[in-house]
Each structure stands twice: as structure tokens, then as C-alpha cells.
Ligand SMILES: NC(=O)c1ccc[n+]([C@@H]2O[C@H](COP(=O)([O-])OP(=O)(O)OC[C@H]3O[C@@H](n4cnc5c(N)ncnc54)[C@H](O)[C@@H]3O)[C@@H](O)[C@H]2O)c1
């Protein structure tokens, strides 16, 4: 396969590309990335010399960039997006463009170039919050912030290309990922890098919000299976089966880094902060035989170790 991966210089995309080429040495990947503040070409510097990997700097909102990069590709995996909820609350412009309009440009080209599989990477946030129980793929979407609303728009548009034009679209909705190469604005790497610098960790409100945590390489494996065997026109939830309140997670991080609870700094809650996300992942388990492999304690240990050993990667990205 020759696969166009978009947003491959970001957190999940870079882990996906490395894992995919390790597992499928005969495949080729073209990585189209705009290199926003969140994208770093050096995340894949180990692959730059390989014939199977090609980096192209470009924007998924540009018809020309997409047309050129997609040439000869038989599959597309679209990771490219603005991904930080807090930034979307400040200004949703880039979110509407990349997370919605960019999907349209990609789908149009995928149609023109007869792509055989189009995987749209979406998020559990499109469901909105749930007090009890877990969301199934057939549940209604109720996104509650500009990030998740733009992502919901993007996946619905992609799915409409399946219904209307027969474009072979499959959508994944994963829970919160964590692991190596995550930009230190997101909770886990923010807290780790703060603690490594002796700084406090800013916890929103009471810390009662619940998220499900998924180790990034487990998500990449699930996406690989969806790419290979996912049924067109279907959505697959991908969760880590590791629900934690933010305060519980924070305590685990503090313990893992040998710090006390005095490092917690309560800050004003995010507006419209969803209380709990939860996914029912029985569909991907039954259809594709996927389950998360990495326990949270193990994944967190590996993640802390990576940030400890890769200070040169994150130091230039943190403010002071
Ligand atoms: N991180 C999570 O926990 C999580 C959970 C569920 C779903 N997702 C989804 O997974 C995808 C990847 O998330 P991430 O955490 O790796 O994000 P990220 O912010 O780390 O990376 C995004 C990448 O996309 C690139 N990009 C942004 N706009 C672009 C554009 N217009 N054209 C080309 N490239 C562009 C950036 O340069 C960057 O390399 C996103 O679609 C996100 O919505 C993420």
C-alpha cells in the first residue's frame, strides 16, 4: 500500500507512521503536514533516509497541496487537525478550517484519485459528556466545544461522501491518548514536564472530570486494523478501558515522579468542561479483534521515562 498520512508530524500521527512501517515494511507512506506549532518534522527524523517514507510540507485545506501529495496513494489516514480544546475556546478559526474544511478538500481529492480507503480520525469528544454508562457508535452526537464540534462536522462530512458518492470512508473515535511525542500543552505531558522542572500542576476546578486514557501505540494498532479491515461506512470506538478522574490521574503522576500533593494548583475550570467521557468498545473487539494491551500504570511509567530521557525534545516547547 502507498498511504497518505496527514498530520504525521504530530503526536498520534508520528507514532502511527513509525509503527506502521515497522509492521509493514513493504508499504510506503507520504506524510502531508503543515507543521503548525504542534507538528515537528524531527519526530520522524529516524525515517527521513528511508525510501518508504516521504515528508511533504503542505496544508490539507489547499487543493493543490493535497492533489500533489495524494498522487499514487491508495489509502488516506487523516490525523491532521487542530487538537487542543482550550485553544479552540480562545479562537475557533483554525479549527473550523482544518477540522472541517480540510476534510472536504481531502475527500474531494480522494474521490478524484479513486482512493480505496479513507480513514477519518475522530474523537470520543463528538458524543459530548455522559453521566453513566458508555457511548456506542450509534449514539447521537452532542459536541460541546468548538474543537469537538468541528471534528464532528469533519467526520459527518466524510461519512456523507460514503453515502453520496461511495467513497470508502471509515471513522475512528478514540478516547484521550497519552505517550511519547505529545505536545506539552496536553494534561499528561504538561504535568510531567512541569514536575520535572519543579513547577506546580494546574488542575481544573475540583478535578472531578473523568477521562478514559488510551496508550498511543494501542490506538495506532487499532487504526492499523481499521485501515486494513474496517468496514466502509462504519464508525469504530477505540478506548483504553482506563477511566480516571483528573484528580486521581494527578495523584498517580505525582507519585510516579516522587512529588507531593502540595504541587497541585487549583485553577478556574474550563468553560463548558465535559464531566465524563466513556466509550463502549465492544464493536471493534468483536469485528476486528482489538483490545488495548497496555495497562495504565505501565503506559504511564513508559511515558514518564520518555519525557525524562528526552528533555531536549520538550524543553524548547515549554514557556519558562
Ligand atoms: N490526542 C488525543 O488524545 C486525541 C484523541 C482523539 C482523537 N484525536 C485526533 O487525532 C488526530 C491527531 O491528534 P494529535 O493529538 O496527534 O494532534 P497534534 O496536535 O499533536 O498533531 C496535529 C498535526 O496535524 C498537523 N496539522 C494541523 N493542521 C493541519 C493542516 N491544515 N494541514 C496539514 N497538517 C495540519 C500539525 O502540524 C500536527 O503535526 C486529530 O485529528 C485529533 O482530533 C486525538
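Nothing in this text is a laboratory measurement; each read-out follows from the coordinates by a stated rule. Values in this document were obtained by computation on a predicted structure and should not be read as measured data. As a convention, Cβ positions derive from the backbone with ideal geometry for all residues, glycine included, and neighbour counts pool all protein chains shown.
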Quiz prompt | Linear extension gain, residue 116 paired with residue 261, 0.36 nm per residue minus alpha-carbon span | solution = 47.1 nm
Quiz item: Can you give the extra length, in nm with one decimal, that the chain gains between residue 131 and residue 208 once fully stretched, where that is 0.36 nm per residue apart less the Cα-Cα distance?
Solution: 26.5 nm
Quiz item: In whole Å, what is the distance between the alpha-carbon centres of the stretch 47-100 and the stretch 1-34?
Solution: 12 Å
Practice problem: Please identify, among 197, 87, 41, the residue showing maximal mean-square fluctuation in a Gaussian network model of the chain using a 10 angstrom Cα cutoff. | Solution: 197
Practice problem: Report the paramagnetic label zone for residue 252: residues of the stretch 280-316 whose backbone N is under 17 Å from a point 7 Å from Cα along the Cα-to-Cβ axis. | Solution: 292-307
Quiz prompt | Antiparallel %, DSSP beta bridges [both residues in the chain], to 5 | solution = 10 percent
Exercise. Relative to the longest principal axis of the C-alpha atoms of the chain, give the angle of the C-alpha long axis of helix 246-256, reported between 0 and 90° and rounded to the nearest 10°.
Key: 70 degrees
Self-check item: Approximate spin-label separation residue 1-residue 297, in nm, with each point projected 7 Å along Cα-to-Cβ
Solution: 3.5 nm
Quiz item: What is the antiparallel percent of DSSP beta bridges lying wholly in the stretch 163-320, to the nearest 5?
Solution: 20 percent
Quiz item: Can you give the extra length, in nm with one decimal, that the chain gains between residue 320 and residue 91 once fully stretched, where that is 0.36 nm per residue apart less the Cα-Cα distance?
Solution: 80.1 nm
Practice problem: Would you compute the Debye intensity of the stretch 20-121 from its alpha-carbon atoms alone, equal scatterers and no solvent, and pass along log10 I(q)/I(0) at q = 0.16, 0.19, 0.24 Å⁻¹ to two decimals? | Solution: -0.74, -1.01, -1.39
Quiz item: Using alpha carbons only, how many degrees (0 to 90, rounded to 10) separate the axis of helix 11-23 from the longest principal axis of the chain?
Solution: 60 degrees
Exercise. Report the label-to-label distance for residue 165 and residue 101 in nanometres (one decimal), using points 7 Å from each Cα along the Cα→Cβ vector.
Key: 1.8 nm
Quiz item: Using the Cα atoms as the points, what is the convex hull volume per residue of the chain in Å³?
Solution: 123 Å³
